Ligand SMILES: [Zn+2]
């Protein structure tokens, strides 16, 4: 079911009706456990949960329901039936639109607590009244939430796709190639550089596929497809354990989670490679 979210900064003057409360404790979010799935707690006022609030940000409206991000202290215990869990732990157990908002809440809280002082002059910053920004009252410098753009690319060679098993993966999973965009680089240049660095091959026909916020801790994944242009596979073993070509008939035993853009790229490839036109 498609939900409409409207991002806002200025909170409503009065609290009317239950709001969604994305409560953050360090890098965890408060969830309400419901048998096999989970949801985000709702209340008119966060005070109903009896947890002290360190900082609060209004996020906006989800289908007319107010959404807030709040930070609570490290030592507080969650109310009955609720628990603090990492984003990765709730991934797949919570509705996709709530997961996206939990990621947004976590990033805004983390940005607020790590930008309490101006990076230019060292004065204490304050929240901007109408924008998602922290301003320095002394020098006027504005600090916006951090976002690190990263490209992710599925490279195709006929009925084969290039997948990689990264050193940072803790399982047998293979995924598409990905990496952060460098300052001064276009997205297309980042795609070419990353593929070359990680696999030794060159690519052409770079096409935009889609994007996905990736709050670990503050990335934005920008997805592309590309075709093989030339070169031989050479493993970059500081980053990866294996890199290779795979087909629909010889897939690795483990693929990325279904909500991830990496999986959407792979599924889209498999769909097209199974069609009679491929
Ligand atoms: Zn300053």
Checklist entry - Out of (1) surrounded by 14 or more Cβ atoms within 10 Å (Cβ to Cβ); (2) touching a helix residue (DSSP H, G or I) at 6+ places or on another chain (Cβ under 9 Å); (3) over 24 Å from residue 95 (Cα atoms); (4) at pLDDT 95 or above, the odd one out for residue 193 is which? => result (2)
Checklist entry - Out of region 222-257, which residues are within 25 Å of residue 274 (Cβ to Cβ), touching a helix residue (DSSP H, G or I) at 6+ places or on another chain (Cβ under 8 Å) and not in a loop (DSSP other than H, G, I, E, B)? => result 223, 224, 225, 226, 243, 247
Item to check | Residue ID - farthest from residue 70 (Cα to Cα), chosen from residues in region 24-55 that are touching a residue at least 60 places away in the same chain (Cβ under 8 Å) and part of a strand (DSSP E or B) | outcome: 31
Checklist entry - Of all residues in region 95-135, how many are within 18 Å of residue 57 (Cα to Cα), within 16 Å of the ligand (Cβ to nearest atom) and crowded, with 20+ Cβ neighbours inside 10 Å? => result 2
Item to check | Where a residue in region 138-154 is over 26 Å from residue 199 (Cα atoms) and its partner, wherever it lies, is within 16 Å of the ligand (Cβ to nearest atom) and assigned to a strand (DSSP E or B), with Cβ under 7 Å and at least six apart | outcome: 142/135; 143/134
Checklist entry - Name the residues in region 136-145 that are assigned to a loop (DSSP other than H, G, I, E, B) and within 13 Å of the ligand (Cβ to nearest atom), would you? => result 136, 137, 138, 139, 140, 141
Checklist outcome for this item: Restricted to region 174-190 and to residues being free of Cβ contacts under 8 Å to residues at least 12 places away in the same chain and loosely packed, with under 14 Cβ neighbours inside 10 Å, the residue farthest from residue 257 (Cα to Cα) is 184
Item to check | Residues located in region 242-258, provided they are farther than 25 Å from residue 230 by Cβ and surrounded by 15 or more Cβ atoms within 10 Å (Cβ to Cβ) | outcome: 255, 256
Checklist entry - In the list 193, 207, which residue meets the criterion of being over 28 Å from residue 112 (Cα atoms), free of Cβ contacts under 8 Å to residues at least 24 places away in the same chain and part of a helix (DSSP H, G or I)? => result 193
Checklist entry - Somewhere in region 68-91, is a residue closer than 24 Å to residue 145 by Cβ, touching a helix residue (DSSP H, G or I) at 6+ places or on another chain (Cβ under 9 Å) and part of a loop (DSSP other than H, G, I, E, B)? => result yes
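The values are calculated or read from the model by the stated rules, or taken from the named source; none is laboratory data. Remember, it's a predicted structure, so these values are computed and weren't measured experimentally. Positions of Cβ are generated from backbone atoms using ideal geometry, with glycine treated the same way; all protein chains shown enter the neighbour counts.
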